[in-house]
1. What is the P(r) of the protein assembly as shown, as percent of Cα-Cα pairs per 20 Å bin from 0?
2. Just the Cα atoms of chain B, one point each, no solvent: what log10 I(q)/I(0) does Debye give at q = 0.07, 0.14 Å⁻¹?
3. Calculate one ³J(HN,Hα) per residue across region A:29-41 by plugging θ = phi - 60° into the Karplus curve 6.51 cos²θ - 1.76 cosθ + 1.60, and present them in order as whole Hz with x for glycine and proline.
4. Report the Cα centroid-to-centroid distance between region A:80-122 and region B:257-281 in angstrom, as an integer.
5. From the helices alone, meaning DSSP H stretches of at least four residues, give me the mean residue ellipticity at 222 nm for chain A, per-run term -39500 (n - 2.57), in deg cm²/dmol to the nearest 500.
6. For residue B:202 and residue B:276, calculate 0.36 nm times their separation in residues minus their Cα-Cα distance, and state this gained length in nm to one decimal.
7. Could you pull out every whole DSSP H run in chain B that spans at least 18 Å of Cα extent along its own axis and averages -0.5 or higher on the Kyte-Doolittle scale?
8. Please report, in debye to the nearest 20, how large the charge dipole of the protein assembly as shown is about its Cα centre when each Lys and Arg carries +1 at its beta carbon and each Asp and Glu carries -1 there.
Amino acid sequence: MGKFTNFLEKLDSLDRRVIFLIIGLVVLIPLLIPLGLPIETTNLTEDAFYAIEDLPANAKVLLSFEYGPSSKPEIHPMAVSVLRHLFSKGNEVVIMCLWPDGLFMANEALELVAHDEFKLEYGVDYVNLGYRPGNEAVIKGITKSFEANFSVDSRGIPISQIPIMQDVQTARDVDFIFSFSAGYPGAIEWVLYAGDPLQVPVSSGNSSIQVNQLLPYVKSGQMKGVIAGMPGAAEYETLLIQKVEGKEGLLVNKAHALLPNFKENRDATKFMDAQSIAHLVIVLFIILGNISYFVKRKKQQKY
Amino acid sequence: MYIGILGAWVAVFLTLSILSYLYKDNVFYKLSEHIFVGVSAAHWATIAFWNQVQPNLFGRLWPQAEVAALEGFNKFWYGIYHVLHVLFEKVFPEETINGVLYRGIGDQPQNLSYLIAFILGVFMLFRLIPKIGWLSRWSLAYVIGMAAGLRLYGYMSSDVIGQIHATMLPLWTGNLGESINNIILIVGVLTGLFYFFFSVEHKGALKIVSRIGIYFLMVYFGASFGFAVMGRISLLIGRFNDLIEYSGKQYGFATPILLLIMVAVLILSGRKEKKNKEAEA
């Protein structure tokens with residue numbers, strides 16, 4: 001007992017680099033040796049999934065990319081899954097970016113899903129309007145006119161010449177808005193300046209750190225669910241595979257043939273083992289840290 | 001192929017350099033930090049110019065027009081464009097289609113009111129010239145005024161009215177679980193708001209209300225901290241995944257080689273530092 005108490009006391013003065021090393025190892029090992037821990041879906045992700053699932057086949061969806069390489073591991077798997085979901089149902093997609101890096105993230109996701117997997121036609125099935133600086137002013141701007149804010153798309157094509165944009169003059173003409181957001185400007189601005197004023201449903205895929213700020217909007221119905229960080233992305237991947245496997249709801253012919261791709265390339269699910277084990281170890285550290293603090297305090301009170 | 005390998009080596013070097021800060025501040029970390037700041041600023045400026053300034057500002061001041069058909073003011077106006085074309089050919093292009101010379105950018109209708117935005121943008125750059133730097137305040141005044149107005153409207157309608165509306169919930173809905181949730185939400189909002197009400201001293205019964213408010217805030221902060229940890233671990237997973245991918249033969253064993261070199265350099269520099277300190281002592 002005495003040895004254990006000594007060990008707990010020493011924990012208080014443990015070199016922080018030892019903790020970094022342990023966290024590094026518990027993240028690294030599950031990436032090298034996957035455990036295949038099960039993924040349970042939650043209401044937040046299900047709400048976002050079914051909001052998209054309930055859209056009709058001819059619905060036009062506006063996706064906004066507000067993240068960059070720094071938040072890619074969390075948000076990019078969501079972007080890939082949502083694109084797969086929309087294209088599986090035959091929905092048309094208009095993409096824009098409020099972050100400069102979002103343009104590259106959008107192009108990377110489109111290259112994989114729209115080009116390689118679904119082999120869709122640019123300008124007809126989807127378009128990438130690119131990045132515009134101006135934050136919420138851009139959102140406010142497209143509630144009046146897309147063309148006034150995006151004279152050309154990301155490839156330099158005038159948007160008046162893009163077939164998919166003929167029926168999309170303002171943000172009012174889209175059936176759903178989805179923001180992949182890692183900060184400002186992001187999901188909150190979409191609710192404030194487009195979703196609420198135009199009464200267009202909004203949902204979002206977010207970095208974990210933002211989720212707490214968004215929950216009030218979900219609770220109030222101003223936002224249709226949230227994909228919350230990497231666990232949310234893994235849940236969305238699971239829901240999509242369950243849908244395609246079970247042939248539920250709207251599905252274009254290609255979707256079922258792409259099921260092996262969906263199963264093979266699901267980064268968030270692959271990463272969740274490392275995330276879960278790391279969380280477990282952090283919880284353990286917090287418990288040990290607290291015990292160590294109380295043991296030390298008790299000893300000091302004795303003398 | 002070689003570009004891909006080079007990219008992998010650069011990515012691995014920068015990732016390991018940033019992670020090396022966990023050991024201690026060092027030259028690798030400082031180098032990569034400066035590269036990141038410089039590249040980010042240049043990247044943002046370039047993207048903003050080619051996506052916004054060139055097509056949306058210059059494109060509206062000088063939309064593409066047939067030179068031969070220009071007359072009156074526009075003849076003079078497009079003459080300025082031609083001078084700009086001579087100076088900056090890529091930004092202000094001219095092209096000949098079927099033997100007809102065209103000047104301008106895109107097919108937007110001409111809108112000279114964008115000159116105001118252009119002038120305010122130029123004023124912003126005057127900060128670099130101290131004598132006329134005061135002009136940049138006009139641009140800032142416009143930006144602040146516009147942003148304040150825009151945000152006030154958004155926050156009032158969605159955050160204040162929308163959220164108050166969402167808090168007006170029945171205490172009993174007929175469903176026990178839902179009713180408990182509603183009661184917790186209402187109590188949390190009221191006590192949380194009361195905690196920030198400083199016009200009366202928080203003592204007696206009011207102290208209890210205020211204390212309940214603190215507990216709700218603590219739960220919020222705890223949840224935020226949990227989400228923050230989750231986010232940071234996700235980012236670490238992303239970097240480790242790349243390091244694992246780039247450790248293979250196809251990338252020339254970038255991760256193990258660079259890791260060994262950096263560890264060796266850090267050990268040697270640590271020893272040298274120790275020796276210098278001993279010599280000084």
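1. Percent of Cα pairs in each bin: 16, 44, 33, 7, 0.
2. Relative scattering, expressed as log10 I(q)/I(0), comes to -0.65, -1.08.
3. Taking θ as phi minus 60°, the curve returns 4, x, 6, 7, 10, x, 9, x, 5, x, 10, 9, 7 Hz for region A:29-41.
4. The distance from the Cα centre of region A:80-122 to that of region B:257-281 comes to 48 Å.
5. Computed ellipticity for chain A at 222 nm equals -15500 deg cm²/dmol.
6. 20.8 nm
7. Both cut-offs are met by B:2-19, B:27-48, B:73-87, B:136-154, B:176-195, B:205-245, B:254-280.
8. It comes to approximately 2740 debye.
Read-outs: derived from the displayed coordinates by stated rules, not from any lab. Bear in mind the structure is a predicted one, so any value in this text is a computation, not a measurement. Because the Cβ atoms are built from the backbone with ideal geometry, glycine has one as well, and the counts that use them run over all protein chains shown.
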